[in-house]
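S.K.: One structure follows; several queries about it will come next.
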Amino acid sequence: MSFSQSVLDFHFKTLTPDWKLPKGVELLFPFDGEDTQACMTAFYEKYFDDDNPRIFVAGINPGRFGAGVTGVPFTGPKMLREECSIEHPFTSRPELSADFIYRWINAMGGPEVFYKDFYITSACPLGFVKNGKNYNYYDDKKLEKAIRPRIIENFNTQLAFGSRTDFLLCLGEGKNYKFLKALNDEQKWFGEVIPLSHPRFVMQYKRKSLDTYLEDYVAKSQRALG
């Protein structure tokens, strides 16, 4: 089975919206939407229709305006259309994290080159909303405890798609890194977890130093590539 078909089967057939969550936390589950499925199919068949092993890049969990719409991590409607040339019916609103991620992707040679070696996913494959806003899996200890088995299952399943296990690139140097580093020490999935500043943090608070952060991304990516 190709990498692309493994990704699509996982999201369309394996993931289900029946998770038990703490009170007040809602699940973000876009993968049963016809338009989202069409976006994902076009994207993964375009860039992942092979059996190449890839370096995994793990974000936190899907958000409302990126993967929560298109189904593709850090690739909101705007980037899907402008950077990947994939048409869709969604509104192309700007998304800060996706903006930075595609600066990185282009610095690495563009989507066709980048996605041959890297697969962007999330620690938790489904996202969360609380009080109408994005909510991270680690924002609530009860939530983190509830979905911890899901995160383990997520990695165990996705690594079988075709993962290089020498390095994991972690998007987020704080709580996401701390959690994944400890979990990796326990599960022994990867030789090393390499932390990267979260793209939203860079774009929102460190934009004047954007080039410095981009250089760090490229250097660590090249290190992972060997």
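S.K.: Here are some conditions: (1) modelled with pLDDT under 95; (2) under 21 Å from Ser163 (Cα atoms); (3) in contact with an Asp or Glu (Cβ under 8 Å, 6 or more places away or on another chain). Pro89 meets all but one. Which one does it not meet?
M.R.: That leaves (2) as the condition not met.
S.K.: Go through Thr70, Thr14, Thr41, Thr36 for me and flag whichever is β-branched (Val, Ile, Thr) and either on the phi > 0 side of the Ramachandran plot or out of contact with any Ser or Thr (no Cβ under 8 Å at 6 or more places or on another chain) (or both).
M.R.: On the way: Thr70 fails: either on the phi > 0 side of the Ramachandran plot or out of contact with any Ser or Thr (no Cβ under 8 Å at 6 or more places or on another chain) (or both); Thr14 fails: either on the phi > 0 side of the Ramachandran plot or out of contact with any Ser or Thr (no Cβ under 8 Å at 6 or more places or on another chain) (or both); Thr36 fails: either on the phi > 0 side of the Ramachandran plot or out of contact with any Ser or Thr (no Cβ under 8 Å at 6 or more places or on another chain) (or both).
Being β-branched (Val, Ile, Thr) and either on the phi > 0 side of the Ramachandran plot or out of contact with any Ser or Thr (no Cβ under 8 Å at 6 or more places or on another chain) (or both) holds for just one of Thr70, Thr14, Thr41, Thr36, which is Thr41.
S.K.: Hey, which of the helices (runs of 4 or more DSSP H) in the stretch 28-112, taking only ones fully inside, have at least 2 residues that are in contact with a Pro (Cβ under 9 Å, 6 or more places away or on another chain) and either open to solvent by 60 Å² or more (accessible area, probe 1.4 Å) or among the small types (Gly, Ala, Ser) (or both)?
M.R.: It comes to 34-47, 67-70, 96-107.
S.K.: Exactly one of (1) touching a residue at least 12 places away in the same chain (Cβ under 8 Å); (2) loosely packed, with under 14 Cβ neighbours inside 10 Å is unmet by Lys145. Its number?
M.R.: In the conditions (1) touching a residue at least 12 places away in the same chain (Cβ under 8 Å); (2) loosely packed, with under 14 Cβ neighbours inside 10 Å, Lys145 misses (1) alone.
S.K.: Residues in the stretch 127-140 that are in contact with a strand residue (DSSP E or B) (Cβ under 6 Å, 6 or more places away or on another chain) and open to solvent by less than 10 Å² (accessible area, probe 1.4 Å): how many? Break it down into steps so the answer makes sense when it comes.
M.R.: To start, the set of residues in the stretch 127-140 that are in contact with a strand residue (DSSP E or B) (Cβ under 6 Å, 6 or more places away or on another chain) comprises 127-129, 135.
When the remaining residues are screened for being open to solvent by less than 10 Å² (accessible area, probe 1.4 Å), the result is 127-128.
The total comes to 2.
S.K.: Then there's this: Any idea which of (1) under 15 Å from Cys124 (Cα atoms); (2) touching a residue at least 12 places away in the same chain (Cβ under 8 Å) is the one Phe190 doesn't satisfy?
M.R.: (1)
S.K.: Is one or more of the residues making up the stretch 148-166 surrounded by 15 or more Cβ atoms within 10 Å (Cβ to Cβ), without any contact (Cβ under 8 Å) to a residue 60 or more places away in the chain, in contact with a strand residue (DSSP E or B) (Cβ under 6 Å, 6 or more places away or on another chain) and in a helix (DSSP H, G or I)?
M.R.: The answer is no; no qualifying residue exists.
S.K.: What about Tyr119, is it open to solvent by 30 Å² or more (accessible area, probe 1.4 Å) and within 22 Å of Val202 (Cα to Cα)? Can you show your working first?
M.R.: Numbers: open to solvent by 30 Å² or more (accessible area, probe 1.4 Å): no; within 22 Å of Val202 (Cα to Cα): yes.
Answer is no for this residue.
S.K.: Would you confirm whether any residue within the stretch 176-186 is touching a Pro at 6+ places or on another chain (Cβ under 8 Å), open to solvent by 50 Å² or more (accessible area, probe 1.4 Å) and in a strand (DSSP E or B)?
M.R.: So far as the stretch 176-186 goes, no, none of its residues is touching a Pro at 6+ places or on another chain (Cβ under 8 Å), open to solvent by 50 Å² or more (accessible area, probe 1.4 Å) and in a strand (DSSP E or B).
S.K.: Can you name the residue in the stretch 201-226 that is open to solvent by 90 Å² or more (accessible area, probe 1.4 Å) and in contact (Cβ under 8 Å) with a residue 40 or more places away in the chain and is also farthest from Gly172 (Cα to Cα) among such residues?
M.R.: Looking at residues that are open to solvent by 90 Å² or more (accessible area, probe 1.4 Å) and in contact (Cβ under 8 Å) with a residue 40 or more places away in the chain, I get Gly226.
S.K.: Can you name the number of the only condition in (1) under 15 Å from the mean Cα position of the chain (by Cα); (2) within 21 Å of Pro30 (Cα to Cα); (3) of a type in the set (Asp, Glu) that Glu153 fails?
M.R.: Here Glu153 clears every test but (1).
The values are calculated or read from the model by the stated rules, or taken from the named source; none is laboratory data. All values derive from a computational prediction rather than experimental measurement. A quick note on method: Cβ atoms are made from the backbone with ideal geometry, for glycine too, and the neighbour counts reach across all protein chains shown. These area figures cover heavy atoms from the full protein model, side chains too; ligands, DNA and RNA do not enter into them. Shrake-Rupley method; radii C 1.70, N 1.55, O 1.52, S 1.80 Å.
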